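The values are calculated or read from the model by the stated rules, or taken from the named source; none is laboratory data. Note that the coordinates shown come from a computational prediction; the quantities given were computed from them, not determined experimentally. Every residue, glycine among them, receives a Cβ derived from its backbone with ideal geometry; neighbour counts consider all protein chains shown. We work out accessible area using only protein heavy atoms, side chains counted, and drop any ligands, DNA or RNA first. Shrake-Rupley method; radii C 1.70, N 1.55, O 1.52, S 1.80 Å.
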Amino acid sequence: MSLQDKFKNDEYPPSEDTFFIANNIENEKGNYALDIGSGSGYLTKLLTENFKFVVGTDINFEVLKNQTYKTSNLICCNGSDALYIQFDFVVCNLPYLATEEIIDIATDGGAEGFEIPKKIFDSVIPLIKENGKFVFVTSSLSNYEKLINYAQKLGLKTEIIAKKKLFFEELILVKAEK
């Protein structure tokens, strides 16, 4: 059974980048996991299969209230700025599109696709346990090298773990370890 069929629901389907992330994290296991920008709840729900305690955050309360894939432990906040717990694993479908202004907080990353992801990184890095992993998706349409370099400046060891060509861009999945 494919991951797309696993949580089948037509109300608010996850996007292509969500499935791309899911296919690359489905075997992650541990005690504490965090999904930043939970959106439809697809990744949060997936993480509940292999982690003892999972938290999903989103900046949009209506999105959390109406998630297609319902889970517990949902928190409305900016990135992870309301949390003070250490996580083994963090995943984030970043708002990575390079935009002049932020119109859609779910996709617009600001200047070079770096401005908003940087804020998310700053909020989450202190919450990653020693030897913990942070997996995030970015795009060839943004300055992903700048984002990877920033993660390295914050003390994380980074590695591109997957790429996926789409019609107009290439999705890039990065693993950063503490």
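Relative contact order of region 47-115, please, whole-number percent, based on alpha carbon pairs below 8 angstrom and at least 6 residues apart.
Relative contact order, region 47-115: 20 percent.
Take every DSSP beta bridge whose two residues both sit in region 92-178, then give the antiparallel share in percent to the nearest 5.
80
So, with a 1.4 angstrom probe, what is the percent of accessible area on region 61-121 that is carbon and sulfur?
Reported share for carbon and sulfur atoms: 55 percent.
Rounded to the nearest 5, what is the percent of antiparallel bridges among the DSSP beta bridges in the chain?
40
Enumerate the residues in region 104-130 having an amide nitrogen under 17 Å from the point lying 7 Å beyond the Cα of residue 177 toward its Cβ.
Flagged as within label range: 128-130.
If each residue of separation counts as 0.36 nm, what is the full-extension length gain between residue 131 and residue 15 once their alpha-carbon separation is subtracted?
Answer, rounded to one decimal: 38.8 nm.
Ranked highest first by the average count of other Cβ atoms within 10 Å around their residues, in what order do 25-38, 73-86 fall?
Final packing ranking: 25-38, 73-86.
Taking amide H atoms as placed 1.01 Å from N in the peptide plane, list the residues 5 or more away in sequence, or in a different chain, whose amide H sits under 5 Å from that of residue 90.
HN-HN under 5 Å from residue 90: 34, 133, 134, 135.
With springs only between Cα atoms under 10 Å apart, run a GNM on the chain and tell me which of 164, 129, 118 wobbles the most.
Looking only at 164, 129, 118, the largest GNM fluctuation is found for 164.
Got a sec? Which residues in region 19-39 would a label at residue 49 touch, if it sits 7 Å along Cα→Cβ and we count backbone N under 12 Å?
22-29
At 222 nm, what helix-only mean residue ellipticity would the chain give, in deg cm²/dmol to the nearest 500, using -39500 (n - 2.57) for each DSSP H run of four or more?
-6500 deg cm²/dmol
With every protein chain left in place, what is the accessible area per residue of the chain in square angstrom, probe 1.4 Å?
50
Give the separation of the Cα centroids, region 80-112 to region 123-178, in Å.
First find each Cα centre; the distance between them is then 12 Å.
Quote the FRET efficiency, to the nearest 0.05, computed for residue 77 versus residue 111 with a Förster distance R0 of 22 Å and r equal to the Cβ-Cβ distance.
Approximately 0.45, to the nearest 0.05.
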